[in-house]
1. Pairs needed: first member in the stretch 116-136, buried (at least 21 other Cβ atoms within 10 Å of the Cβ); second member anywhere, outside any helix (DSSP H, G or I) and at pLDDT below 95; C-beta distance under 7 Å; at least 6 residues apart or different chains.
2. Counting only residues that are of a type in the set (D, E, K, R) and part of a helix (DSSP H, G or I), which one in the stretch 47-58 is surrounded by the most Cβ atoms within 10 Å (Cβ to Cβ)?
3. In the stretch 59-112, what residues are part of a helix (DSSP H, G or I), of a type in the set (Gly, Ala, Ser) and surrounded by fewer than 16 Cβ atoms within 10 Å (Cβ to Cβ)?
4. What's the number of the only condition in (1) at pLDDT below 95; (2) more than 14 Å from the chain's Cα centre (by Cα) that ALA119 fails to meet?
5. Evaluate the following for ALA99: is it over 22 Å from PRO121 (Cα atoms), aliphatic (A, V, I, L, M) and free of Cβ contacts under 8 Å to residues at least 24 places away in the same chain?
Amino acid sequence: MAARSTAHRFVPCVKEIKKSKREARQMITDGNRNHEDDPETVRLSLLDEPDAHCESVAGLYSWSENCEHPTPFAVFLDLTGLSEEIFGDCISADMATAARNMGYMELAHLANALDDYSARPNETGAYARALVETEMRP
């Protein structure tokens, strides 16, 4: 008897996972919490499902949550000029300190995000602004 592929067994599992994510999002939207009013929910939604060209910015943001200031995400905002647009000034005053605090993983995340920004500055810039705005909302 020929060996039968087991790939067909996993397809329903993937569909169920996607369905579960949709149902969870719908529960948040329809539940006691209003999706638009809760900045934490909006931020998590942005991080969980970024646009294809913003995945590296989402990765940089997530990685930066575990870093001390100036974070790699703050350096990204400064290098792209977004911090001046949003805050009116650079937020990483000392780039030498920022560079000393970054290891190879932080630099890799930063490089990937800058590469995506160079290809699509408007889309990645709007995405980064949206992440920052969720932090600024009460």
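The values are calculated or read from the model by the stated rules, or taken from the named source; none is laboratory data. Keep in mind it's a predicted model, so treat the numbers as computed, not measured. Please note: Cβ atoms are built from the backbone with ideal geometry, for glycine as well, and neighbour counts cover all protein chains shown.
1. TYR127/PRO50; TYR127/ASP51
2. That would be GLU55.
3. Selection gives SER62, ALA96, ALA99, ALA111.
4. The failed condition is (1).
5. It is true that ALA99 is over 22 Å from PRO121 (Cα atoms), aliphatic (A, V, I, L, M) and free of Cβ contacts under 8 Å to residues at least 24 places away in the same chain.
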